[in-house]
Amino acid sequence: MRAYKPKDNVQRKPYYTDRYWKAPQVAKFEVESDEVFATDLAAIKAKFEVSDAFIQVQQMTVWIHPSDIYAVLEFMRDELSYTQLSEMSAIDFLAQRDEFEIFYQMLSMTKRKRIRIKYSIKNGAAVDSVSKLFRCADWSEREMFDMFGIQANGHEFMKRILLPYDWQGHPLLKTYPLQGDEFAAWYEVDKIYGKEAREEIGPEIRDTSTIDRYDSERFSRLGHEVPKGTKITGDEPAHKESYQEDGGVFLITKLDRDNSKVIDDPQR
Amino acid sequence: MAQIKNRLSPFFENITFDREDNELILNFGPQHPSAHGQLRLMLHLQQEQIVKAHPDIGYLHRGMEKMAENMIYNEFMPTTDRMDYIASSANNYGFALAVEKLIGLEVPRRAKVIRMMLLEINRLMSHLFWLATTALDIGAMTVFLFAFREREYLMDVIEGYCGARLTHAAIRIGGVPLDIQDSFIAQLKTFLDKLPANIKDYEDLLDTNRIWLMRMEEVGTISKEMALSWGCTGPMLRASGVAWDLRKEEPYELYDEVEFNVPWSDKGDNFARYRMYMEEMRESAKILYQTIDMYAACVKNGETELMAHAPQYISAPKLDIMTQNYSLMQHFVLVTQGMRPPVGEVYVATESPKGELGFFINSQGGAYPYRLKLRAPSFWHTGILTDLLPGHYIPDVVSIIGTTNIVFGEVDR
């Protein structure tokens, strides 16, 4: 029987985990332990719904409601002097609870404090764009869309940023395969001639060492070309073809076919 | 003109070039020599003036965040080299510090001093490289040769330390792998003693150079608000009137023990940024002199530890591994399975030569990071070109890209 592999998370797994292993937790501290954070949190709590808040590694994490994000960041920027959005992106928790966690890393230069604003959205939901507040979110949200497929409402140019526009899939999803697509060689054929032509055309041969010398269609007989479709038996005379104009090219010595050596040993 | 869509021509090739106005769309890059890597700029031009700029990135995208999710923590270290490959130790350090914060490690003092030396050497290398390439873009060939000569000397010092010149991987999670070689201090001192004269040479060549001033002064002015809104950091932000340096504001390592100034300017133009790099080189030299003394003090006090002691996360010293069974077993598990940091999140920012280099790690207690977000400063320094370039002329594009100091290894990651 084949080993079961979960489809919702195809990322690499450690080959061995102790069955009694219980991961420890990074220490979380009460927000009250830090004066500045406590005041900021009180100010946020007075206006918005906060579901959880704690301090971890000297930074405060505040969990808010997804629909408040624009107002919260605007409030933090204008009233609490968190003037910079350092970073924002998503974390894929689709396999565990069909959700993405979105985080916004805020920095106050006057208080020298960093706050992480977080919320969860369901798979398929869109976030509210904050690119009107912070220009840098313009590119961050595009990157988030590129990597996770999460749309940002109100974004002016919601297109991929790092990958080509015609790319399929979103690479940072846990469902995204780690290996390349083994059927990629066929896509061009499928698109142009249709799937039914696969057998007739055959797979593309990319490995030059496997070129078939009896193939009259794929430039495999350089220096010994025959008309397309010729039945090749192997005893045709070498056909000398000249690729240069009669006068020759300026600065380039004319290739003398008769006195030149054709190297036909690929392993030379 | 009506576009005919068929199966043979995918949509991205169906671009209509007939436009009714005089606007010319110029494709700058991705192979333009002054695009500093793989930057493609789509510039909408009225005569020679840019009315709209659209930076297109991703030509060097290697999916480092995805790679990180499928690697043990130590395995990812050499990959960080390939972000900002001009100053790769700075990336190594940012990642190492983030993981150390996550697992709560305290690094031995001697390792901290060596790390600071490496970081500042990398800053000097990066700034010299910036000066050389930007000057070359503007046409100052002599400065290019001079600055590369000095950078070469620093690369020799680094090569003596870790064997590599560009991709150092010279820092480990929990410390540094090696002590500095015997010749390190002497080589570094020789370099530092010469550096002020070298910097003066560059300045003599550039500061009063009419061409340099014309290309630099009042060109590419970034206002303070624009810099903050676009998430600019490092010299880009300091040239726009915000004296913000993470080494001063959120000191890591031993930066709170060394004396140095944070240069800043309120001009915000290309020339201000050029001055930032020159002044920062002087400050780096100042820090390096102090780290040499700190290192001497470490040697004197007999502080020989180079890696933190945390058997759960960090392998024991080589001598222990070779002589003690338990250390060998621990090492085997750490190399094959990897360390498993506790469940939690951390965002750690360090001042790389380009700006704020941040590592966000979400750990679910596994051997691989559950999510790792790389906050590369150059990403937004490229984004700002969208708002910065309109109104400028074509030759300004080259000098503006030059002074933003973007490196595509970290823009595309």
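Here are some notes:
- Mean separation of Cα pairs under 8 Å and 6 or more residues apart, divided by the residue count, gives segment B:64-412 a relative contact order of 26 percent.
- Peptides A:136-145, A:96-105 ordered by average Cβ neighbours within 10 Å, highest first: A:136-145, A:96-105
- Inter-chain shielding of B:376-382 (mean C-beta neighbours from other protein chains, 10 Å cut-off): 3
- Report summary: the helix-based calculation at 222 nm, which adds -39500 (n - 2.57) for every DSSP H run with n ≥ 4 and divides by the residues of the protein assembly as shown, gives -11500 deg cm²/dmol.
- For residues of B:356-367, the mean tally of beta carbons on other chains within 10 Å: 4
- For B:Gln46 and B:Leu166, the FRET efficiency from 1/(1 + (r/R0)^6), where r spans their Cβ atoms and R0 equals 35 Å, is about 0.25.
- Dimensions of segment A:4-100 based on its C-alpha atoms, expressed as ranges along the principal axes with the largest first, amount to 52, 28, 23 Å.
- Sorting the segments B:342-351, B:194-203, B:281-290 by their mean number of nearby beta carbons within 10 angstrom, highest to lowest, gives B:342-351, B:281-290, B:194-203.
- Average projection, convex hull of the Cα set of segment A:28-153: 7.4 square nanometres.
- Remark: mean inter-chain Cβ contacts per residue of A:26-33 equal 2, using a 10 Å Cβ-Cβ cutoff to other protein chain atoms.
- Counting 0.36 nm for each residue step from A:Ser51 to A:Glu74 and taking away their Cα separation leaves a gain of 6.4 nm.
- Translational diffusion of the protein assembly as shown, µm² s⁻¹ [Kirkwood Rh, Cα pairs; Stokes-Einstein; 25 °C; 0.890 mPa s]: 87 µm²/s
- Geometric extent, Cα atoms of segment B:144-247 - Rg, Dmax (angstrom): 18.5, 50
- Backbone N under 14 Å from the B:Asp320 label point (7 Å along Cα→Cβ), restricted to segment B:158-191: B:174-175
- Environment charge at A:Lys122 (Cβ cut-off 14 Å; Lys +1, Arg +1, Asp -1, Glu -1): -3
- Space enclosed by the convex hull of the alpha-carbon atoms of segment B:54-182, per residue, Å³: 121 Å³
- From least to most packed, judged by other beta carbons within 10 angstrom and beginning with the fewest, A:Lys113, A:Lys45 follow the order A:Lys45, A:Lys113.
- Rounded D (µm²/s) - chain B, Kirkwood Rh over Cα pairs, Stokes-Einstein at 4 °C, 1.567 mPa s: 57 µm²/s
- Bridging of B:Lys248 to lysines at a Cα separation below 18 Å is possible for A:Lys111, A:Lys113, B:Lys112, B:Lys286, B:Lys354, once same-chain residues fewer than 8 apart are set aside.
- When the Cα atoms of segment B:344-413 are aligned to their principal axes, the ranges along those axes come out at 52, 19, 17 Å in descending order.
Quick note: the coordinates plus some simple rules give every number you see, no bench work behind them. This structure is a prediction, so every number in the text was calculated from the model and none was measured. Every residue, glycine as well, gets a Cβ built from its backbone with ideal geometry; the counts of neighbours run over all protein chains shown.
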